[in-house]
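The values are calculated or read from the model by the stated rules, or taken from the named source; none is laboratory data. Just so it is clear, the model here is predicted, and its values are computed rather than measured. Backbone-built Cβ (ideal geometry, glycine too); neighbour counts: all protein chains shown. Areas reflect the complete protein model, heavy atoms only, side chains present, ligands, DNA and RNA absent. Shrake-Rupley method; radii C 1.70, N 1.55, O 1.52, S 1.80 Å.
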Amino acid sequence: MEQRHLGRTGLRVSRIGLGTLTWGRDTDEHDAADLLKTFWEAGGSLVDTADVYGDGESEYLLGRLIEGLIPRRDLVISTKAGSVPDPDRRFDGSRGHLLSALDASLARLGTDYVDVWQVHAYDPDTPLEETLQALDLAVSSGRARYAGVSNFCGWQLAKAATWQLAAPGTRTRLAATQLEYSLLQRGIEREVLPAALDLGIGLLPSSPLGRGVLTGKYRTATPADSRGASDHLAPFVAPYLDDTARHIVDAVQTAADGLAVTPLQVALAWVRDRPGVTAPIVGARNAQQLTAALSVEALSLPDEICRALDDVSAPVHRYPDHDWSTL
């Protein structure tokens, strides 16, 4: 698998990442082992998790597998901290919470360091400089090699990255930002992606297949074994089952038919090769699904197909997202 630099850093990662959101909850140890081995054998290196995935079970399961299945040195492990199970405070970006969460993540993963450590979301109740100081301490102590943020909007990302570049002292440059990005969700193109490109921050798109909808499996019905049929994941899929989404899914299917490939390959290749993207994060239920996703390595979409998909999925950008003089 082709390797790419993560933002403006020397760290190279596989241009497809493996997501572990369901590990320890819907994905058991046997399936997780098959997924990780399949990914590694295909040349994949970037594995994405978070301390809240499966209430910590995702990290714990990954730690068990890298201990006995895959050499730690062959993987680039990315995890996140900051989300908390508190209905009154969904995110805690305080220095104390973040550093305690990192230590707990390292214990579950069974490793001395993570390659990439990200703040899971912006915390409006904590001064941003305090949150960012936790990243500096994590990297300077060797517990994290690189740092980033997740789910930050454009101004939040720009403020955080600029602070790290301009504030006095030894600061850790932001290497990555992780947000949802697909043909069904192009909102980050308004401000987040331009900021990331300008600041040299690598984008790690989550849900690059539109929460599974872009595979085409929901075109006629909801499969019984799909996320859309799951009690706890159906609300996650539902927003992408409207008429607008169906129009885009139909266009992806048309492109796939013309290229003699699958809709999954078309949708994943589109987001993988967008400007600023380092590596889409792909989740899969089993090794067969993952193999289908990894087969996109051999596909590059023709320019005319990309333009057609751009047009059919184009988000509405008006003032002030575009130069006012063009409106």
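Which value, in Å², gives the accessible area per residue of the stretch 10-113 when a 1.4 Å probe is used on the protein heavy atoms? Please list the in-between numbers first.
On the way: 4400 Å² over 104 residues.
Heavy-atom accessible area per residue stands at 42 Å².
Using unit Cβ charges (K, R positive; D, E negative) and no other charged atoms, how large, in debye to the nearest 20, is the dipole of the stretch 212-327 about its Cα centre?
On the way: 9 positive and 14 negative charges, 70 e Å.
With only Lys, Arg, Asp and Glu charged at Cβ, the dipole is about 340 debye.
If the reach is capped at under 29 angstrom between alpha carbons, list the lysines near residue 80, excluding any in the same chain fewer than eight residues apart.
Cα-Cα hits under 29 Å: 37, 159.
Using the Kirkwood formula on the Cα atoms of the stretch 41-149, what hydrodynamic radius do you get, in angstrom to one decimal?
Taking every pair of different Cα atoms in the stretch 41-149, averaging 1/r and inverting gives 14.0 Å.
Considering only the chain, what is the antiparallel percent among its DSSP beta bridges, to the nearest 5?
Values: 5 of 32 bridges.
In the chain, DSSP labels about 15 percent of beta bridges as antiparallel.
Excluding ligands, DNA and RNA, what is the solvent-accessible area per residue of the stretch 203-325 at a probe of 1.4 Å, expressed in Å²? Don't skip to the answer; put the middle values down first.
Values: 6050 Å² over 123 residues.
That works out to 49 Å² for each residue.
If amide hydrogens are placed 1.01 Å from N in the peptide plane, which non-local residues have theirs closer than 5 Å to the one on residue 216?
Residues meeting the amide H criterion: none.
Per the 1.4 Å probe, what fraction of the accessible area of the stretch 208-255, in percent, lies on carbon and sulfur atoms?
On the way: 1320 of 2460 Å².
Exposed carbon and sulfur together represent 54 percent of the surface.
Kindly provide the trypsin sites (Lys or Arg not before Pro) of the stretch 50-90 that DSSP labels as loop, not H, G, I, E or B, and whose Cβ sees at most 13 other Cβ atoms within 10 Å. Let's see the in-between values first.
Working: sites: 64, 72, 73, 80, 89, 90; in loops: 89, 90.
Here the trypsin sites (Lys or Arg not before Pro) that fit, given the DSSP loop and packing criteria, are 89, 90.
Of 174, 216, 38, whose Cα points farthest to the positive end of the dipole of the chain (charges on the beta-carbon: +1 Lys, Arg; -1 Asp, Glu; origin at the Cα centre)?
174
Based on alpha-carbon atoms only, what is the radius of gyration of the stretch 244-318 relative to the globular estimate 2.2 N^0.38 Å? Walk me through the numbers before you get to the answer.
On the way: Rg = 12.7 Å, N = 75, 2.2 N^0.38 = 11.3 Å.
With N residues counted in the stretch 244-318, Rg over 2.2 N^0.38 Å equals 1.12.
Using only alpha-carbon positions, what ratio does the radius of gyration of the stretch 156-300 give when scaled by 2.2 N^0.38 Å?
Details: Rg = 17.2 Å, N = 145, 2.2 N^0.38 = 14.6 Å.
Against the compact-globule rule of thumb, the ratio is 1.18.
Counting C-alpha atoms alone, how compact is the stretch 138-216: give Rg to one decimal and Dmax as a whole number, in angstrom.
When restricted to Cα atoms, the stretch 138-216 yields Rg and Dmax of 14.3, 51 Å.
Could you order peptides 97-105, 244-252, 111-119 by the average number of other Cβ atoms within 10 Å of their residues, highest first? Walk me through the intermediate numbers first.
On the way: 97-105: 19.7, 244-252: 17.9, 111-119: 22.1.
Ranking, from highest mean packing down: 111-119, 97-105, 244-252.
Mind checking the full-extension length gain between residue 103 and residue 89? Use 0.36 nm per residue of separation minus the Cα-Cα distance, one decimal, nm.
Values: separation 14, 0.36 × 14 = 5.04 nm, distance 2.13 nm.
2.9 nm is the gain from fully extending residue 103 to residue 89.
Keeping all protein chains in the complex and leaving out DNA, RNA and ligands, what accessible area do you get for residue 278 with a 1.4 Å probe, in Å² to the nearest 10?
10 Å²
How large is the charge dipole for the chain, taken about the Cα centre, if only the Cβ atoms of Lys, Arg (+1) and Asp, Glu (-1) carry charge, to the nearest 20 debye? Working shown, then result.
Details: 31 positive and 43 negative charges, 115 e Å.
Dipole magnitude for the chain comes out near 560 debye.
Highest first, please rank the peptides 292-303, 141-152 by the mean number of other Cβ atoms sitting within 10 Å of their residues. The partial results should precede the final answer.
Details: 292-303: 16.3, 141-152: 21.2.
Averaged packing, sorted descending, gives the order 141-152, 292-303.
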